[in-house]
1. Suppose R0 equals 22 Å; then what is the FRET efficiency for residue 230 and residue 494 from their Cβ-Cβ distance, rounded to the nearest 0.05?
2. Along Cα→Cβ, 7 Å out, is where each label goes; now give me the distance between the ones at residue 506 and residue 437 in nm to one decimal.
3. Can you sort 418, 187 by solvent-accessible area, 1.4 Å probe, largest first?
4. Please report the carbon-and-sulfur percent of the accessible area for the chain; probe 1.4 Å, protein heavy atoms only, DNA, RNA and ligands left out.
5. State which stretch of the chain is the longest one without any exposed chymotrypsin sites (Phe, Trp or Tyr not before Pro), exposure meaning a DSSP loop state and at most 10 other Cβ atoms within 10 Å.
6. Let me have the relative contact order for the chain, percent, based on Cα pairs under 8 Å that are six or more residues apart.
7. So what are the ³J(HN,Hα) numbers for region 353-361, from phi and the Karplus equation (6.51, -1.76, 1.60; θ = phi - 60°), rounded to whole Hz, Gly and Pro as x?
8. Full-extension gain between residue 270 and residue 287, please, as 0.36 nm times their residue separation minus the C-alpha to C-alpha distance.
Amino acid sequence: MTLASAAPKSTMQRFLDGVEKVGNMVPHPVIIFLILIGIVIALSAVLSLFGTAVTFERINPETHEIEIASTAIRSLLNVEGIRFMYASLIPNFMGFTAVGLMIVAMIGAGVAEESGLVTALIRKLVIVSPGWALTYILAFVGILASIAADAGYLVLIPLAGIAYLAVGRHPLAGLALGFAAVAGAFTVNMLIKPLDAVLVEFTNDAAHLVDPNRSIGLASNVWFSFASVLFLTVIIAFITDRIVSPRLGQYNPALAAEGTPTEQGAVLSSEESRGLRYAGLGLLALIAVFSLLTVPSWAPLRDPTTGDLIGNSPFMNGLIALIMLMFLVTGWAYGIGAGTMRTLTEVIAAIEKSIKNLGGTIFLFFVLSQFVAYFTYTNMGTVMALSLSGVLQSANIGALPLLLGFIVVVAIIDLLLTGAIAKWAIFAPVFVPLLMKLGVEPEAVLAAYRVGDSPMNAITPLNAYFALVVGFAQKYDKSAGVGTVVSLMLPYVLWMFVLWTALFAIWKMLGLPWGV
């Protein structure tokens, strides 16, 4: 990585350089997860031998009833554990949804990239946007990308790197900006998304333990989420411009992997401009089709029971298909207009090329899927989460300190259990009733969970897309590794966590409404 040399390095820059150096000394991510699998297997046997277990209340995801459950550490070295490891090899991989999402998204993204649409769009954005605003625009769009679930990881992050390259800035800074926005603020948005429906439903189930008549709605955190989006946009942009970009310095194209474009023209050609017009027409046609599928009350992509379009509806649950089609249709339309991709054979070749380039990532996901499955099977993450929550629950402190402590516990657990729904199913029946008895509204508890659950997503290797971001980074710097990404993301994680928690505390002390 090329670092700035014109000015002496600050203490923070030297620390991050050290983090990067140490982090990049670790083996290949596949080897890391193989080692972790070995540790989980051995540790599960030891803890199971000592009978480690916890009893707790939880929400049944299917019936939404509160039930008493007991969780013990399960060994992977007994008869059942060995059977599980042997028989679940393929199911573990096939059940790893990140693989399917990545492949489907790349079908469309590959066409859009190979035809030249992505590059042309980014250059157009650079041309029409003031230089100072580009970082803020990318951060804002990255946070809103969570409406498309995990697709933001696959689309926005690489686009941010290309955008930074187009304006002569270090592309790794763009990747870091995109990763921080997509992952670090994943639980908030200005729009209602499917995740909100699940979190709210679990919150209501837990609140009914104290007051059967107390319920919150889908928009119960909308004002706090709206403010958080704007607040985090500024923080992410500020950290990028003041900490990350100065540390990286001027980009050296010689560091890029072979085949990675490192130069972008400043002006669009007439063919590119015509291609963008064709892409616009293709997008309008796609919008017209999906309008027929979503707007009428009888539309097939609405919820068949409630008729809702936003929330738990076929449209929202299958949003990755819309994103794939959007890139596929506009990419091909651009190719026809610009003369870069006219035939269906060329489209298929572009798709094959994009899928072929995923070989290393798919293998990594195969190993990662085994680790996640083994870790989940042993119940070690659940036992740790409940142990920490039990300590916090027994602490004799006030409501606000308890909320802040809850945020810290959620953040720590997020390093091991990244699923927002799985953690809330455990935490909701513990903390929602506890804090309601202290006069805290369930909306505030859910808002606290959103704060604790997000920032660590950008730094934990257990995030299914962390390895993918490492791969993105290696396109622009062949020597980049896990340490590179960790050192880039540390400033975002630390400042987002501290300042966002402070915003939550101020919001609570001022008694501002969390939503409607």
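1. 0.60
2. Placing both labels 7 Å beyond Cα along the Cβ direction yields 3.3 nm.
3. 418, 187
4. 68
5. The longest such stretch corresponds to 51-297.
6. 27
7. 3J(HN,Hα) across region 353-361, in whole Hz: 5, 5, 5, 4, 6, 8, x, x, 5.
8. Between residue 270 and residue 287, full extension yields 3.5 nm more.
The values are calculated or read from the model by the stated rules, or taken from the named source; none is laboratory data. As the structure is a computational prediction, the values presented were derived from the model and not from experiment. Neighbour counts run over all protein chains shown; Cβ positions are idealised from the backbone, glycine included. The accessibility values were calculated without ligands, DNA or RNA, using every heavy atom of the protein model including side chains. Shrake-Rupley method; radii C 1.70, N 1.55, O 1.52, S 1.80 Å.
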